[in-house]
1. Take the conditions within 28 Å of CYS73 (Cβ to Cβ) and in a strand (DSSP E or B) and apply them to VAL166. Does it pass?
2. Please enumerate the residues belonging to region 183-226 that are open to solvent by 90 Å² or more (accessible area, probe 1.4 Å) and not charged (D, E, K, R).
3. Going by what's in this entry, would LEU68 be described as farther than 23 Å from ASP209 by Cβ and of a type in the set (A, V, I, L, M)?
4. State whether one or more residues within region 79-92 are free of Cβ contacts under 8 Å to residues at least 40 places away in the same chain and assigned to a helix (DSSP H, G or I).
5. Taking GLU146, is it in a strand (DSSP E or B), within 16 Å of the ligand (Cβ to nearest atom), surrounded by 15 or more Cβ atoms within 10 Å (Cβ to Cβ) and of a type outside the set (A, V, I, L, M)?
6. In region 111-132, which residue that is near the ligand (Cβ under 9 Å from one of its atoms) and touching a residue at least 40 places away in the same chain (Cβ under 8 Å) is nearest to ASP16 (Cα to Cα)?
7. From LYS243, LYS253, which residue is closer than 18 Å to ALA41 by Cβ and over 22 Å from the mean Cα position of the chain (by Cα)?
8. Taking PHE108 as meeting all but one of (1) under 18 Å from MET79 (Cα atoms); (2) among the hydrophobic types (A, V, I, L, M, F, W, C); (3) in a helix (DSSP H, G or I); (4) more than 15 Å from the ligand (Cβ to nearest atom), write down the number of the exception.
Amino acid sequence: MVSSEHNTIQNRAHYDALYSKLSIDGLLRKLERLDAFLADATATDTSWVCMYQDHFKDRLQGAKVLELGCGDCTNAAVMAALGAQVYANDISDQSGVLIKALNAQADFDYPIQYYQGDFLNLTIDETDFDFVIGKAFVHHLTHEQELAFLDKIVRLLHPEGEVRYVEPAINSAFLDALRWMVPVPGRPSSLQVSRFRAWKALDPHPDRDNSGAHYKRVGQQYFKDVLIVPIGALERFNRLFPKAKWNRAFRRKAYHWERFLPSFLRYRWARTQTIVYRYPKSQL
Ligand SMILES: C[S@@+](CC[C@H](N)C(=O)[O-])C[C@H]1O[C@@H](n2cnc3c(N)ncnc32)[C@H](O)[C@@H]1O
């Protein structure tokens with residue numbers, strides 16, 4: 001098991017290299033056609049389907065939002081374009097470069113404020129956030145870091161505020177083992193033992209529990225309201241449709257049809273989950 005410190009160093013190296021290849025041109029194009037981009041992404045792309053469910057978009061105007069692990073800054077930019085006051089954080093310097101360029105070139109009501117560094121080491125001078133969110137972020141933290149993050153988040157959140165995470169869901173050991181056996185571009189199969197071990201040594205994901213049960217248990221330590229929404233029980237089969245047009249059409253239909261599955265299958269087969277925490281216990 002890697003230490004929290006080593007985990008952060010590994011994440012930073014990985015994502016600095018990845019984001020240094022990004023430019024803001026693609027981001028600005030998305031903002032120019034924001035309605036079309038959002039309509040497509042929130043119906044098709046898992047992390048967007050999950051983050052924007054339950055009228056999230058309609059709750060952003062004027063809301064004070066802290067996004068942890070903002071990464072390539074697409075979501076931070078979209079929320080700012082929708083009128084939110086966005087505070088974005090990442091350990092990557094490159095995310096800060098993107099935000100600076102976005103603030104200079106996009107027409108936001110409120111410029112995005114960027115906090116660079118490990119969230120745990122930062123002094124956040126703002127409080128009373130309406131939302132603290134993380135998209136594909138918490139599964140990069142060790143269990144120890146996850147708890148320390150929640151300790152801090154609870155102090156930053158408005159008493160009526162909401163934590164909203166989107167994370168991979170690992171609710172079936174069998175499906176998880178199968179997933180690792182299937183190679184994907186850049187990642188060998190777990191059956192190719194030495195190649196897989198070499199890949200794993202550089203992978204920025206710590207070994208940890210990503211089940212819905214885990215997120216529920218942890219959330220209940222800090223919050224009165226905990227909601228776990230599993231998504232992707234049918235959508236996970238999208239790889240059977242490699243052609244991009246069919247793949248996207250399948251995913252849209254799958255999100256619709258999986259709602260009719262019994263809840264234990266929706267949970268067991270889920271690929272992703274929206275995690276919502278409300279009403280911090282320390283503020284009640
Ligand atoms: C999988 S990426 C997700 C990026 C983005 N939210 C998205 O949806 O594409 C995870 C992000 O978490 C950031 N990260 C990891 N550990 C962090 C920490 N301790 N503090 C702040 N950011 C961190 C990484 O740099 C990376 O940008």
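1. Considered against the rule, which asks whether it is within 28 Å of CYS73 (Cβ to Cβ) and in a strand (DSSP E or B), VAL166 comes out as yes.
2. Answer for region 183-226, where residues must be open to solvent by 90 Å² or more (accessible area, probe 1.4 Å) and not charged (D, E, K, R): PRO185, LEU191, LEU202, GLN221.
3. Working: farther than 23 Å from ASP209 by Cβ: no; of a type in the set (A, V, I, L, M): yes.
Judged against the criteria, LEU68 is not a match.
4. Yes: region 79-92 contains one or more residues that are free of Cβ contacts under 8 Å to residues at least 40 places away in the same chain and assigned to a helix (DSSP H, G or I).
5. Values: in a strand (DSSP E or B): no; within 16 Å of the ligand (Cβ to nearest atom): yes; surrounded by 15 or more Cβ atoms within 10 Å (Cβ to Cβ): yes; of a type outside the set (A, V, I, L, M): yes.
Considered against the rule, which asks whether it is in a strand (DSSP E or B), within 16 Å of the ligand (Cβ to nearest atom), surrounded by 15 or more Cβ atoms within 10 Å (Cβ to Cβ) and of a type outside the set (A, V, I, L, M), GLU146 comes out as no.
6. Going through the qualifying residues, I end up with ASP118.
7. Details: LYS243 fails: closer than 18 Å to ALA41 by Cβ.
After applying the criteria, what remains is LYS253.
8. (3)
The values are calculated or read from the model by the stated rules, or taken from the named source; none is laboratory data. Being a predicted model, the structure only gives us computed values, none of them experimental. When we count neighbours, we look across all protein chains shown, and the Cβ atoms used for this are built from the backbone with ideal geometry, even at glycine. Keep in mind that these areas ignore ligands, DNA and RNA; they rest on the heavy atoms of the full protein, side chains included. Shrake-Rupley method; radii C 1.70, N 1.55, O 1.52, S 1.80 Å.
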